[in-house]
Amino acid sequence: MADMRVNIAGVEFKNPVITASGTFGYGREYEHFFPLSKLGGISTKGTTAEKRNGNLAPRIAETPSGILNSVGLQNPGIDKFIKVELPNLKSKGTVIIANIAGFSVDEYVKICEKLDATNVDMIEINISCPNVKHGGAAFGTSCQSAAEVTKAVRAATKKPIIIKLSPNVTDITEIAKAVEAEGADAVSLINTLLGMRIDINSRRPILKNNVGGLSGAAVFPVALRMVWQTANAVKIPVIGMGGISTWEDGIEMMLAGASAIQVGAALFKNPFAAVEIIDGMNAYLDRKGIKSVNEIVKKVQPW
Amino acid sequence: MKYVQGKYPIIAKTTLAREVYDFTVCCPKIARAAEPGQFVTIAADGFPLRRPVSLCGIDKENGTIRLVFEVRGKGTKEISGLREGDMIDIIAPLGRGFRLKDYKTAILVGGGIGTPPMVPLAKIYGENCVAISGFRSAPNVILQEDFKATGAKTVLCTDDGTMGRKGFVTEALREEIEIKKPDIIFACGPSPMIKGVVDIAKEHGIPSQISLEERMGCGIGACLVCACRTVRNGEEFYAHVCQDGPVFESKDVIF
Ligand SMILES: Cc1cc2nc3c(=O)[nH]c(=O)nc-3n(C[C@H](O)[C@H](O)[C@H](O)COP(=O)(O)OP(=O)(O)OC[C@H]3O[C@@H](n4cnc5c(N)ncnc54)[C@H](O)[C@@H]3O)c2cc1C
Ligand SMILES: Cc1cc2nc3c(=O)[nH]c(=O)nc-3n(C[C@H](O)[C@H](O)[C@H](O)COP(=O)(O)O)c2cc1C
Ligand code: FES
């Protein structure tokens, strides 16, 4: 058994595999399949200051090897999260990352202040949700607003902060550098890529929101490239995600520079995807005689 | 047990109509836990999302479930290629089924490929229910023998009158209510049909439960994509078809 432990911003994970925000709820549903303690960590459903219903359905469409979603941040609000979900999650023996989103800098700050008073392990700041108007992605698509949010949340909490980056930008490394400069402890990427599907019979977009975020295997090569570029541009740890479906993908993502990885859409087809990835990566390290998973991080040898 | 994921053998496969398939799957644990109105999600080789299909039969003694589905697109086409003896990858049993409470008599209304989930209800209610089904045309008609075998009164409607009576299920529903007002109406089918049934039920002060469809991701309540507008505690709330449904009390649903 290889040593699968990784450390991100002072937080120890028993293995580098985290379930991605929005695909795993608050853990309750997948717990019927496997104990949550098997996971390195859980990034919870994006939570906002107030409860939200999100967008109208349909909120999902299938694409070649991928999916589009337009949930629009449905969640019970931060107070209920802290009161009901967090205590339950914290009893599960895995790292809990609270994923949050806001519609103004003040809202991000308010949520972080509330989380600062809890025992949550880390906060993932979503500045990249493509599914809500105003805010969300808007913060993640300019260096200036990304830096502004980071600076404000940095001042609001001592918890380790992960800034979740949008791929819907010209140069993701510029945004990563901007948030690093303002005190982000880590960056995670990628959030979903904006996409669309149309029903050719009704001539209507399949998603009621018309457009939505693409994830799943289809985005993996794009995510891998962005993680590689970002890992070469910043010194803080990079958490890689986007289309990871197999343990081979997980190894590739870590070779590209990810210190940990997140698994999302792959869970829909195979609810055991994350745990199978942990086991598969471990077996790979053993076969290669590699003692610690940290040894493969950023070990791609570019031409 | 809540739900499990696994690969189970298809022990019988038949064709009920053009592009409508009937699988019997051996999965004793699932059969034991399953209730009418619940569904399964089927993995289709090469597709990122599972396909939801209702339980058309639950045989707890023999440990089997029955899945009846129509080929609509590429995923169901792929699944229809499975043969007797092949393994089918399912997550089941999922969702909340019909709430039978102490309803003693029922009218079941099924439209098209919405008829399969009515069969387990007919098995329970037998002579104490009327099973109304509607289809486009004679070649689309399915499951009538199954309803008859339960002892239920069966009423068949086709849009073009090529089999059974000509017309919509809503007309037949009005007539059956005139003959005998049931304690409850259960319905599944295309949305205009459901809407029609719910309106008639309301007019007569009869409670109704409806099985709804929505596009799904996880199928277990984690990803929140399968939203359905409902009223909960007097407030608008987006419930989730895979977890809070697929069966809803019509009074809670905002159409
Ligand atoms: C709770 C529930 C129970 C169902 N029970 C049955 C049943 O017993 N028999 C039956 O024939 N059909 C049933 N359906 C409908 C069935 O799920 C769809 O016809 C099927 O998913 C279409 O997949 P496809 O690959 O043929 O189509 P595609 O168009 O290729 O599908 C693309 C995507 O859209 C989704 N999708 C397309 N149409 C629907 C739909 N009407 N509802 C939900 N998702 C859809 C697919 O699942 C897939 O993710 C049920 C749906 C739900 C939600
Ligand atoms: C249904 C769905 C809901 C999501 N909701 C959120 C969210 O609330 N907050 C967030 O930061 N990312 C959200 N995401 C993005 C994922 O966390 C992840 O970044 C993206 O899906 C890429 O990973 P994947 O290809 O493994 O799914 C969501 C993704 C999906 C599919
Ligand atoms: S399909 Fe994921 S919540 Fe219903």
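Scanning segment A:54-103 for residues that are under 18 Å from the mean Cα position of the chain (by Cα) and part of a strand (DSSP E or B) gives A:66, A:67, A:68, A:69, A:75, A:95, A:96, A:97, A:98, A:99, A:100.
Checked against the criteria, residue A:83 does not count as among the charged types (D, E, K, R), touching a helix residue (DSSP H, G or I) at 6+ places or on another chain (Cβ under 9 Å) and modelled with pLDDT of 95 or more.
Look through segment A:29-53, keep the residues that are facing chain B (nearest Cβ under 8 Å) and touching a residue at least 24 places away in the same chain (Cβ under 8 Å), and return whichever of them is least open to solvent (accessible area, probe 1.4 Å).
Quick first cut of segment A:29-53, residues facing chain B (nearest Cβ under 8 Å) only: A:29-30, A:32-33, A:45, A:53.
Now narrow it down to the ones that are touching a residue at least 24 places away in the same chain (Cβ under 8 Å): A:30, A:33, A:45.
Details: A:30: 2, A:33: 28, A:45: 18 Å².
Looking at residues that are facing chain B (nearest Cβ under 8 Å) and touching a residue at least 24 places away in the same chain (Cβ under 8 Å), I get A:30.
Residues that are of a type in the set (A, V, I, L, M, F, W, C) and in a strand (DSSP E or B) within segment B:27-54 comprise B:39, B:40, B:42, B:53, listed in sequence order.
Which members of segment B:61-85 meet the condition of being within 18 Å of the chain's Cα centre (by Cα) and not acidic (Asp, Glu)? Listed by number, the residues that qualify are B:64, B:65, B:66, B:67, B:68, B:69, B:71, B:72, B:76. Residue B:230 satisfies every condition listed in (1) open to solvent by less than 10 Å² (accessible area, probe 1.4 Å); (2) polar (S, T, N, Q); (3) at positive phi except (3). Evaluate the following for residue B:20: is it within 27 Å of residue A:243 (Cβ to Cβ), surrounded by fewer than 23 Cβ atoms within 10 Å (Cβ to Cβ) and of a type outside the set (Phe, Trp, Tyr)? The answer is no for residue B:20.
Which of the residues that make up segment B:233-255 are polar (S, T, N, Q) and surrounded by 19 or more Cβ atoms within 10 Å (Cβ to Cβ)?
Looking only at segment B:233-255, we keep the residues that are polar (S, T, N, Q), and these are B:233, B:243, B:250.
B:243, B:250, listed by residue number.
Restricted to segment A:187-280, the set of helices (runs of 4 or more DSSP H) holding at least 1 residues that are at pLDDT 95 or above and more than 14 Å from every other protein chain (Cβ to nearest Cβ) comprises A:220-231, A:247-256.
Yes or no: residue B:114 free of Cβ contacts under 8 Å to residues at least 24 places away in the same chain, touching an Asp or Glu at 6+ places or on another chain (Cβ under 9 Å) and small (Gly, Ala, Ser)? In short, no. All conditions in (1) more than 14 Å from chain B (Cβ to nearest Cβ); (2) within 16 Å of ligand 3 (Cβ to nearest atom); (3) among the charged types (D, E, K, R) hold for residue A:177, with the sole exception of (2).
Identify, please: which residue in segment B:55-99 is near ligand 1 (Cβ under 7 Å from one of its atoms) and not in a strand (DSSP E or B) and is, among those, farthest from the other protein chains (Cβ to nearest Cβ)? The selected residue is B:71. The C-beta contact set for segment B:200-222 (first residue within 14 Å of chain A (Cβ to nearest Cβ) and closer than 15 Å to residue B:110 by Cα, second residue in a loop (DSSP other than H, G, I, E, B) and of a type in the set (Gly, Ala, Ser), distance under 6 angstrom, 6+ apart or interchain) comprises B:212/B:245. Restricting attention to segment B:30-51, the residues that are more than 10 Å from chain A (Cβ to nearest Cβ) and over 17 Å from residue B:81 (Cα atoms) add up to 11. With respect to the conditions (1) open to solvent by less than 30 Å² (accessible area, probe 1.4 Å); (2) away from ligand 3 (no atom under 16 Å from the Cβ); (3) of a type in the set (S, T, N, Q), residue A:229 falls short on a single one, namely (1).
Scanning segment A:75-122 for residues that are open to solvent by 50 Å² or more (accessible area, probe 1.4 Å) and within 22 Å of residue A:213 (Cα to Cα) gives a single hit, A:103. With the structure loaded, tell me whether residue A:72 is within 13 Å of chain B (Cβ to nearest Cβ), open to solvent by less than 10 Å² (accessible area, probe 1.4 Å) and at positive phi or whether it fails that test. Yes: the conditions hold for residue A:72.
The values are calculated or read from the model by the stated rules, or taken from the named source; none is laboratory data. None of the values given here were measured: they were computed from a predicted structure. Using ideal geometry, Cβ is built from the backbone for each residue, glycine included, and neighbour counts are taken over all protein chains shown. Side chains included, ligands, DNA and RNA excluded: accessible areas come from the protein's heavy atoms. Shrake-Rupley method; radii C 1.70, N 1.55, O 1.52, S 1.80 Å.
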